Amino acid sequence: MSELKSGSNLEKVLKAGHFAFTGECGPPKGANVEHLVGKFKHLKGNVDAVNMTDNQTAVVRMSSLAASHIMIHEGLEPNFQMVCRDRNRLAITADILGAHALGIRNMLCLSGDHQSFGNHPQAKNVHDIDSMQLINLVTTMRDKEEFINGEKIDVAPKLFVGAACNPFADPFEYRVYRLANKIAAGADFIQTQCIYNMEKFRTFMKQVVDMGLHEKCYILAGVTPMKNARMANFMSKFVPGMDVPDSLIDRLKGAEKGKQAEEGIKFALEQIEEFKEMEGIAGVHLMAIEWEHMVPEIAERAGVLPRPVV
Amino acid sequence: MRLNYPSEVKVIQVPCTGRVDIIHLLNAVEKGADGVYVAGCLEGECHYLTGNIKTRKKVEYVKKILGEIGIEPERVEMYNLSSAQGARFAEIAREMTAKIRELGPSPVRMNDPVSEKKAA
Amino acid sequence: MIVADRKSLEEIQEMIKPHRKLLIVGCKGCVTVCNVGGSKEVEILASALTIARKKENNEIEIDTTTIERQCDNEYVSQLKETVGNYDAVLSMACGVGPQFLSEYYREQKFYPAVNTTFFGGAVSHGIWEERCAGCGTCIIHDFDGICPIARCAKSLLHGPCGGSSNGLCEISKETICIWDAIVAKKIEQGRLEDLLKVRPAKDWRTARDGGPRRSIREELTR
């Protein structure tokens with residue numbers, strides 16, 4: 001095994017060739033630590049690492065850095081998310097140093113949803129650097145032990161660096177190139193947007209494999225189980241860059257009364273089964289949004305338990 | 001054909017309604033007119049192609065301004081009719097006069113002793 | 001040009017509430033071209049404010065004038081004889097105008113009648129769009145003449161983000177995704193590889209972030 005970049009559990013699981021399984025958790029809209037810790041118990045032991053979202057959809061919440069630290073304290077491994085919307089390069093760099101100091105070893109680099117979606121649409125956004133440059137910044141800090149201004153760092157932060165990829169945003173033909181660019185910028189792993197259009201995703205992954213990108217980076221397929229047909233309809237119509245085929249909406253609608261959630265989970269399980277076999281896919285990133293308590297059951301039924309100890 | 005229309009209506013002729021500008025309509029209100037309307041050609045029949053359509057937009061803009069400063073936007077209107085529709089012209093004059101009568105005197109004139117005198 | 005929008009009449013009325021004798025000054029520069037603060041708009045505003053004050057039975061005397069450019073003291077100085085005759089002056093120029101006027105006539109009170117919005121141009125009659133963010137380091141040639149700093153909601157240098165859908169930006173159905181356009185143009189011209197590199201973090205010192213900017217042309221200074 002080659003030398004570890006950060007030594008995080010997620011990195012070790014992936015390097016060892018296991019099929020990774022990551023979860024997601026949103027910090028509270030307040031300082032309610034109890035509520036946050038409550039969510040952890042559904043995730044602990046069922047996933048390799050948990051993404052801690054950063055003011056997701058531009059709605060203000062407890063800082064992802066603080067919440068990630070609490071997570072470590074509770075015995076789970078965070079994947080600290082960072083968006084470029086809310087911080088300039090000074091704050092970004094400082095938070096990366098702080099994250100490492102607090103024991104955080106994974107970080108996901110994002111541009112961030114536009115603030116007009118959130119609860120502070122009046123805010124000034126930052127976007128000093130973009131997600132591509134953020135990947136470059138954090139990997140430069142780790143590998144060259146330098147800040148992006150070229151100054152040396154006294155004890156460089158060692159993080160396992162992730163990036164997002166949305167194969168369903170437009171223009172489709174460019175998406176694989178943008179992914180290649182993120183990998184060139186230094187991304188160690190990729191977590192995709194929620195996948196529903198499997199056919200389009202297969203086409204995308206074929207391009208990824210043809211370009212050999214899966215050999216340079218671990219790609220985790222994004223899965224969010226649908227709770228009901230209404231959610232599917234909403235995502236299809238109102239969430240930009242989300243591709244929900246009508247066939248899935250119909251399938252959920254066709255489920256027996258009170259069984260739509262079960263149908264949504266079944267679809268997610270079928271997806272996970274396919275991802276296990278799909279060339280180029282190294283794991284699944286399960287985003288059970290405000291549905292954390294379903295994670296143990298989904299993990300169990302997906303046959304990904306127990307999680308490997310590496 | 002001799003058609004009667006209300007004597008309160010004072011006609012100002014222009015070569016095309018396109019010549020009517022925002023400031024002309026505002027000036028009329030400013031100087032104490034209770035209402036102003038533009039009688040343009042039928043849409044699609046402007047001799048200068050789009051004069052009447054452009055002026056309809058100007059009329060809408062004047063209505064917006066009046067609304068913003070608390071004057072009834074209905075005091076300003078745009079009508080379309082052809083030069084052959086004499087009866088319609090008289091009908092519009094009566095219609096507009098009745099509407100303005102309902103709205104009452106312009107608040108601008110009410111507070112302006114000078115224009116009040118002129119109007120009297 | 002610099003594009004602006006007139007402030008609401010409500011806001012302007014509130015600003016000038018205490019005043020009874022007002023001068024409205026237009027500008028023949030950008031705001032004339034974008035139909036917001038030229039001689040025509042000055043007259044319209046004067047008339048609207050006069051009507052409003054007549055209605056309130058609180059009459060105001062308004063004079064109007066439009067000068068060549070309010071961003072140039074040579075023209076600003078032309079108001080020397082008259083500016084002192086008013087309680088206040090309402091400028092219909094971009095944000096530069098009322099500042100130049102205030103600096104030149106320190107005793108007088110100046111109000112902005114417009115909100116200065118962006119650097120742009122008219123894409124069709126009555127519709128203006130932003131094109132430049134004035135960042136001080138132009139790189140549009142790298143993007144085939146399209147500026148992602150001004151025209152991407154996130155000023156991304158490596159777009160389009162995951163919110164790009166059917167050529168539209170995630171922020172609204174009225175906003176095109178400029179990165180979609182950049183990629184389309186690169187593909188069309190067979191130069192996609194231009195985008196496949198990681199650009200270094202932008203140096204924002206030349207933008208507003210470096211502090212208020214100043215441009216000195218030695219050959220012109222006296």
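Figures for the structure shown
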read-out: For the stretch A:121-231, the Rg and Dmax computed from alpha carbons only, in angstrom; value: 16.6, 53
read-out: Length-normalised contact order of the stretch C:45-144 in % [C-alpha pairs under 8 Å, at least 6 apart]; value: 17
read-out: Surface accessible to a 1.4 Å probe, C:Arg191 within the full protein complex, Å²; value: 90
read-out: In sequence order, calculated HN-Hα J values of the stretch A:206-214 (Karplus, 6.51, -1.76, 1.60; Hz; x Gly/Pro); value: 5, 4, 4, 5, 4, 8, x, 5, 5
read-out: Förster radius 35 Å - calculated FRET efficiency between A:Glu145 and A:His18, Cβ distance, rounded to 0.05; value: 0.75
read-out: Distance in nm between pseudo-label sites at B:Glu43 and B:Ser83 (7 Å out along the Cβ direction from Cα); value: 2.3
read-out: Surface/4 of the Cα convex hull for the stretch A:1-139, nm²; value: 8.6
read-out: Normalised contact order of chain B, rounded percent, pairs of Cα under 8 Å and 6 or more residues apart; value: 35
read-out: Gap separating the Cα centres of the stretch A:252-310 and the stretch A:95-141, nearest whole Å; value: 28
read-out: Sites matching GluC sites (Glu not before Pro) across the stretch C:42-109 that sit in DSSP coil, with at most 10 neighbouring C-beta atoms within 10 Å; value: C:Glu81, C:Glu107
read-out: Degrees, to the nearest 10: A:89-101 long Cα axis against longest axis of chain A; value: 80
read-out: Student exercise, the stretch C:22-146 dipole from Lys, Arg, Asp, Glu Cβ charges, in Debye to nearest 20; value: 220
read-out: Under 5 Å, built H, 5+ apart or other chain: amide partners of C:Ile62; value: C:Leu22
read-out: Rounded to the nearest 20 debye, dipole of chain A from Cβ charges on Lys, Arg, Asp, Glu; value: 360
read-out: Karplus (6.51, -1.76, 1.60) ³J(HN,Hα), θ = phi - 60°, over the stretch B:40-49, in Hz, Gly and Pro reported as x; value: x, 5, 4, 4, x, 10, 6, 4, 9, 6
read-out: Where only alpha carbons of the protein assembly as shown are counted, the Rg and the Dmax (Å); value: 32.3, 104
read-out: Ellipticity estimate at 222 nm from DSSP helix runs (n ≥ 4, -39,500 (n - 2.57)) divided over chain A, nearest 500; value: -12500 deg cm²/dmol
read-out: Amide proton proximity set for A:His285, modelled H, under 5 Å, gap of 5+; value: A:Thr22, A:Ala221, A:Gly222, A:Val223
read-out: Amide proton proximity set for A:Gln81, modelled H, under 5 Å, gap of 5+; value: A:Met52, A:Leu108
read-out: For peptides A:132-141, A:277-286, B:71-80, sequence by mean Cβ density within 10 Å, most packed first; value: A:132-141, A:277-286, B:71-80
read-out: Shape box of chain B [Cα atoms, principal axes, largest first, Å]; value: 41, 33, 21
read-out: Unit charges at the beta carbon, dipole of the protein assembly as shown: most positive-side option, A:Met205, A:Leu252, C:Ala46; value: C:Ala46
read-out: Values of log10 I(q)/I(0), in the order q = 0.20, 0.21, 0.23 Å⁻¹, for the stretch C:2-117 under a Debye, Cα-only, solvent-free model; value: -1.02, -1.12, -1.34
read-out: Cα-Cα P(r), the stretch A:9-302, percent of pairs per 5 Å interval; value: 1, 5, 12, 16, 19, 18, 15, 9, 3, 1, 0, 0, 0
read-out: Mean projected area in nm² (Cα convex hull; one quarter of hull surface) for the stretch C:133-200; value: 4.7
read-out: Gaussian network model of chain A, springs between alpha carbon atoms under 10 Å - residue of A:Asn233, A:Asn32, A:Asn51 with greatest fluctuation; value: A:Asn32
read-out: Over chain C, relative contact order from alpha-carbon pairs under 8 Å, at least 6 apart, %; value: 17
read-out: Per residue, the convex hull volume that the Cα atoms of chain C enclose (Å³); value: 169
read-out: DSSP bridge orientation in the protein assembly as shown - percent antiparallel, rounded to nearest 5; value: 20
read-out: Centre separation in Å (Cα based) which lies between the stretch C:176-222 and the stretch C:36-96; value: 38
read-out: DSSP-loop GluC sites (Glu not before Pro) across the stretch A:111-184, with at most 15 other Cβ within 10 angstrom; value: A:Glu145, A:Glu151
read-out: Estimated 222 nm signal from helices in chain C, with DSSP H stretches of n ≥ 4 weighted -39500 (n - 2.57), rounded to 500; value: -7000 deg cm²/dmol
read-out: Residue-wise HN-Hα coupling along the stretch B:76-90, computed from phi with Karplus coefficients 6.51, -1.76, 1.60 (Hz; x: Gly, Pro); value: 10, 9, 10, 10, 10, 7, 8, 5, 7, 9, x, 4, 5, 4, 5
read-out: Per DSSP, loop GluC sites (Glu not before Pro) in the stretch A:1-56 with at most 14 further Cβ within 10 Å; value: A:Glu3
read-out: Within chain A, longest stretch free of exposed trypsin sites (Lys or Arg not before Pro) [DSSP loop, at most 14 other beta carbons within 10 Å]; value: A:30-123
read-out: Exposure ranking of B:Asp21, A:Asp86, A:Asp130 by accessible area [1.4 Å probe, largest first]; value: A:Asp86, B:Asp21, A:Asp130
read-out: Residue among A:Ala49, A:Ala163, A:Ala101 with the largest mean-square fluctuation in a Gaussian network model of chain A, springs linking Cα atoms under 10 Å; value: A:Ala101
read-out: Value at 222 nm in deg cm²/dmol, rounded to 500, when DSSP H runs of n ≥ 4 in chain B each add -39,500 (n - 2.57); value: -14000 deg cm²/dmol
read-out: Point-charge dipole on Cβ atoms (K/R +1, D/E -1) for chain C, about Cα centre, debye to 20; value: 320
read-out: Links that overshoot a 31 Å alpha carbon limit, given the list A:Lys200/C:Lys173; A:Lys44/A:Lys216; C:Lys40/C:Lys202; A:Lys237/B:Lys57; A:Lys237/C:Lys197; value: C:Lys40/C:Lys202; A:Lys237/B:Lys57; A:Lys237/C:Lys197
read-out: Residue list for the stretch B:33-50, given a label point 7 angstrom along the Cα-to-Cβ vector of C:Ile127 and an amide N cut-off under 20 Å; value: B:50
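The values are calculated or read from the model by the stated rules, or taken from the named source; none is laboratory data. Given the structure is predicted, the values throughout are model-derived calculations rather than measurements. No Cβ is skipped: glycine too gets one built from the backbone with ideal geometry, and neighbour counts run over all protein chains shown. Protein only, heavy atoms only, side chains kept; ligands, DNA and RNA dropped before computing areas. Shrake-Rupley method; radii C 1.70, N 1.55, O 1.52, S 1.80 Å.
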